[in-house]
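Here's the structure, in structure tokens; my notes come after.
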Amino acid sequence: MNIESTYSKRIYKIKDLNRLREQVNIIFRVIGKDEKQEFTSRNSNEIQHIYNYRIANKTATMLLTLYNEDIDVIEVGKSYKLSNGLISTAKNGLRLMKGKKGFFERIIANELN
């Protein structure tokens, strides 16, 4: 069975995202990156690494949060499609996350929506 067939194929625009949505497919360009932050996991007591990236498409901008091994997967200035991502809420608004089932693919810039 094709794993993609089990997920929504809809490509969302940033302006249309709302809170607590899963299986988000979105095309975006990375326009900025904050400094790396560290915190200690309550469960494992291990140091975790986190980056917040500013992403955009033609409709809006938002934050993308990546953890640990995912922080080096994307680069500022490049365009990507995130499939099966998820939206969460944070104190400063909505946040896009890769989640466990999400994956990135690099795209050419003219595919941005």
Give the residue that is surrounded by the most Cβ atoms within 10 Å (Cβ to Cβ), with candidates limited to residues of the range 66-113 that are in contact with a Ser or Thr (Cβ under 8 Å, 6 or more places away or on another chain) and closer than 15 Å to residue 32 by Cα. 96
Just name the residue that is surrounded by the fewest Cβ atoms within 10 Å (Cβ to Cβ) out of those in the range 6-56 that are of a type in the set (Asp, Glu) and under 16 Å from residue 87 (Cα atoms). 16
Tally up the residues in the range 1-49 that are closer than 15 Å to residue 101 by Cα, hydrophobic (A, V, I, L, M, F, W, C) and either at pLDDT 85 or above or touching a strand residue (DSSP E or B) at 6+ places or on another chain (Cβ under 6 Å) (or both), please. 2
Tally of residues being acidic (Asp, Glu) and within 26 Å of residue 9 (Cβ to Cβ) across the range 41-74: 1
Residue 68 farther than 20 Å from residue 107 by Cα and over 12 Å from the mean Cα position of the chain (by Cα): yes
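The values are calculated or read from the model by the stated rules, or taken from the named source; none is laboratory data. Nothing here was measured: the structure is a model prediction, and the numbers come from that model. Note that we place each Cβ from the backbone using ideal geometry, even for glycine, and neighbour counts take in every protein chain shown.
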